[in-house]
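The values are calculated or read from the model by the stated rules, or taken from the named source; none is laboratory data. Model, not experiment: these values are computed from the prediction. Virtual Cβ from ideal backbone geometry, glycine too; neighbours counted across all protein chains shown. Remember, those area values only see protein heavy atoms, side chains included, never the ligands or the DNA or RNA. Shrake-Rupley method; radii C 1.70, N 1.55, O 1.52, S 1.80 Å.
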Amino acid sequence: MIWTLTDGDTIFPITDGYSRVYKAAGALTGQLAQTTQVSQPMREPWPKAFPDRSTRALSFDIPVFFPPCASLEEAAMQALDIPVQCPTGGVLTGQRDAELRTYSQAWVRNVTCENFGVSNRFVFSMLAVNPTSRTLSTLAQMDYRSIANVPAITGLEGGAPNNLDGYTTTDVAVGFTMLIVPEISGFAQAIHFRLFAGNDATQTDPTAGTLVVRPLDYDAGTNAKVWKAV
């Protein structure tokens with residue numbers, strides 16, 4: 001599972017699925033704390049509660065194993081540095097396969113470290129509110145920090161599952177880059193395409209300039225993004 005805490009322009013990867021690995025020792029433990037407004041009417045034996053005026057917060061721990069350090073001294077410094085580098089709070093997201101869970105506001109209760117020689121295990125104890133879940137599109141599930149290899153795309157337009165314009169982009173970040181091998185003018189060609197903000201029209205003639213593909217889910221107001229060959 002990939003956990004990320006974002007505070008403004010600061011993106012802190014609690015886990016990344018590669019080096020910072022989420023490993024729960026047994027079942028994930030958590031707690032939902034609820035505060036409910038209650039009044040005690042005079043001459044009534046029971047208080048009156050107002051559940052519709054309640055507030056809730058989830059508390060849970062995220063255990064993470066970091067990769068081994070080069071030395072014991074480096075591991076000791078990492079144990080001191082990582083808790084300080086973690087933002088005090090922000091938007092917390094947790095991704096598992098195609099499911100993305102988002103907490104609109106989360107904050108740190110504490111960060112503890114357990115040392116195993118040159119390796120450290122950190123436990124991020126969080127408080128979070130307003131959880132929502134959604135299913136990510138095919139491209140959004142891929143790591144935006146790397147160039148994605150998508151051999152399933154063999155054409156540029158037409159809307160079919162094997163065409164570039166048929167892929168959902170509403171939840172894909174501008175700058176996402178991938179390598180595809182579409183057939184152009186009868187020849188399969190390896191091309192890198194990057195998602196840009198813009199309203200360029202589709203242009204698939206390699207002799208007329210940069211190749212541009214406008215996705216089918218393009219919207220001038222809410223999703224003004226196009227694919228361009230780079």
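Does residue 63 satisfy the condition of being assigned to a loop (DSSP other than H, G, I, E, B), open to solvent by less than 90 Å² (accessible area, probe 1.4 Å) and either in contact (Cβ under 8 Å) with a residue 40 or more places away in the chain or among the aliphatic types (A, V, I, L, M) (or both)?
On the way: assigned to a loop (DSSP other than H, G, I, E, B): no; open to solvent by less than 90 Å² (accessible area, probe 1.4 Å): yes; either in contact (Cβ under 8 Å) with a residue 40 or more places away in the chain or among the aliphatic types (A, V, I, L, M) (or both): yes.
Considered against the rule, which asks whether it is assigned to a loop (DSSP other than H, G, I, E, B), open to solvent by less than 90 Å² (accessible area, probe 1.4 Å) and either in contact (Cβ under 8 Å) with a residue 40 or more places away in the chain or among the aliphatic types (A, V, I, L, M) (or both), residue 63 comes out as no.
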Restricting segment 209-220 to residues that are in a loop (DSSP other than H, G, I, E, B) and closer than 18 Å to residue 173 by Cβ, the residue that is farthest from the chain's Cα centre (by Cα): 214
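Suppose we keep only residues that are of a type outside the set (Ser, Thr, Tyr) and open to solvent by less than 30 Å² (accessible area, probe 1.4 Å) within segment 99-122. Which one would you say is nearest to residue 137 (Cα to Cα)?
Restricting attention to segment 99-122, the residues satisfying the condition of being of a type outside the set (Ser, Thr, Tyr) are 99-101, 105-111, 113-118, 120-122.
Now restrict to residues that are open to solvent by less than 30 Å² (accessible area, probe 1.4 Å): 100, 106, 120, 122.
Working: 100: 10, 106: 25, 120: 34, 122: 31 Å.
Per the criteria, the residue is 100.
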When residues of segment 69-97 are limited to those that are within 17 Å of residue 22 (Cβ to Cβ) and assigned to a loop (DSSP other than H, G, I, E, B), the one least open to solvent (accessible area, probe 1.4 Å): 86
All positions within segment 175-190 that are out of contact with any helix residue (DSSP H, G or I) (no Cβ under 9 Å at 6 or more places or on another chain) and either touching a residue at least 40 places away in the same chain (Cβ under 8 Å) or of a type in the set (Val, Ile, Thr) (or both): 177, 181
Yes/no for residue 17 being surrounded by 11 or more Cβ atoms within 10 Å (Cβ to Cβ), within 22 Å of residue 121 (Cβ to Cβ) and small (Gly, Ala, Ser): yes
